[in-house]
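The next block holds one structure in the form of structure tokens; read it before the comments.
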Amino acid sequence: MSTQAETRRITAPQLQARKGGEPIVSLTSYHAHTARLLDPYVDFILVGDSLGMVMHGLESTVPVTVEMMILHARAVMRGTRRALVVVDLPFGSYEGSPLEAFHTASRVLKETGAGAVKLEGGRHMAETVRFLVDRGVPVMGHVGMTPQAINTLGSFKARGRDEAEAALILADARAISDAGAFAIVLEAMAEPLARTITQEISAPTIGIGGSPACDGQVLVLEDMLGLGDRVPKFVKKFANLGPQIEQAVENYANEVRARTFPGPEHVYGLPKDSPLLKAGE
């Protein structure tokens, strides 16, 4: 069997076919090193615009640019061979019109080699999703708490906790699914709502603060590793690396100041017959 066959990438249609089947596993990644670690275990890697907050210290995802997304997505692609790579379209790069969205999405796919894009929004984005899908762009949707809309939402609180809002979010999910999205992220919403959406739409649902009934789950890698400062309720810390990293840095600093690092095993000597060694003697 050829190496190429052994490392064939997962595709958007393959994930779409997983509706109601084996749960879909996803995490975010923003650079080659972590992507390489994730690749054997996840079905898709999300290069999320959350990189603005996680990697660049921004207060929200709103300032993230297309150029930032392309830079990080290229790095993730270099670190992976198996997982589908999905790239967020950042705020302001697709909302103006379906044609604008196509120009942005096609640029992202061309310049990164990624296999799909993700965009936020419900019924008002359904026409755009259909326009992209009809033109060969695999689209993942995103409804519920949509971080790019933070300036109108006002906070990152959970959505769909009253009957009226739940009905709107369900309608959003149906519209995006019917428009051809191959999967839809359900973020920070009442659990019964996420469960209902999963049962009633044809696209696989990817929960992040949704429901265990979702067809898959995604988390921000840094959050689940215990590296994030602001950790949402829906995050489980599968490790707590923050304190370990801080301790390692403290140990390093102490040893440098005490001149115990580097030791003899960390420096390069000279060959025994080196003229430089003899001159030094």
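Details
- DSSP bridge pairs, the range 3-239: antiparallel proportion in percent, nearest 5: 5
- Gaussian network model of the chain, springs between alpha carbon atoms under 10 Å - residue of Phe182, Phe234, Phe261 with greatest fluctuation: Phe261
- Computed with the Debye formula from one identical point scatterer per Cα of the range 61-103, without solvent, the log10 of I(q)/I(0) at q = 0.15, 0.21, 0.23 Å⁻¹ comes to -0.44, -0.74, -0.83.
- Computed FRET value (nearest 0.05) for Val267 with Arg78, which takes r as the C-beta separation and R₀ as 35 Å: 0.65
- With respect to the chain, whose longest principal axis is taken over its alpha-carbon atoms, helix 241-257 is tilted by about 20°.
- Remark: relative contact order (the range 10-158) = 20 percent; criterion is Cα-Cα distance under 8 angstrom and separation of 6 or more residues.
- Between the C-alpha center of the range 43-87 and that of the range 153-177 there is a gap of 25 Å.
- Neighbour-count order for Val256, Val42, Val54, fewest beta carbons within 10 angstrom listed first: Val256, Val54, Val42
- Residue exposure proxy: Ser106, Ser93, ordered by other Cβ atoms within 10 angstrom of their Cβ from fewest to most, comes out as Ser106, Ser93.
- Linear extension gain, Leu99 paired with Asp162, 0.36 nm per residue minus alpha-carbon span: 19.2 nm
- Overall, the chain carries a charge dipole of about 580 debye about its Cα centre when +1 sits on the Cβ of Lys and Arg and -1 on the Cβ of Asp and Glu, all other atoms neutral.
- When log10 I(q)/I(0) by the Debye sum over Cα atoms at q = 0.07, 0.10, 0.11, 0.14 Å⁻¹ is computed from the coordinates, the matching label among (i) -0.31, -0.55, -0.64, -0.97; (ii) -0.23, -0.48, -0.58, -0.95; (iii) -0.26, -0.54, -0.65, -1.05 is (i).
- Positive-end extreme of charge dipole, the chain - chosen from His56, Gly136, Pro275 (charges on Cβ): Pro275
- Max mean-square fluctuation residue, GNM over the chain, Cα-Cα springs under 10 Å, options Gly180, Gly121, Gly92: Gly92
- Modelled this way, with points 7 Å down the Cα-to-C-beta line, the labels at Leu277 and Tyr252 are 3.1 nm from one another.
- Annotation note: trypsin sites (Lys or Arg not before Pro) in the range 172-258 located in DSSP loop regions with a Cβ neighbour count of at most 15 within 10 Å are Arg230, Lys233, Lys236, Lys237.
- Extension reserve of the Ser106-Ser155 stretch, reckoned as 0.36 nm per residue once the Cα distance is removed: 14.5 nm
- 0 to 90° range, to nearest 10: angle between helix 163-178 axis and the chain longest Cα axis: 80
- Per-selection Kirkwood Rh - the range 108-204 (Cα, Å, 1 d.p.): 13.6
- Helix 98-112 axis, angle to the chain major axis (alpha carbon atoms, nearest 10°): 30
None of the figures in this text is laboratory data; all of them are computed from the coordinates on show. Given the structure is predicted, the values throughout are model-derived calculations rather than measurements. Cβ sites come from the backbone with ideal geometry, for glycine too, and all protein chains shown count toward neighbours.
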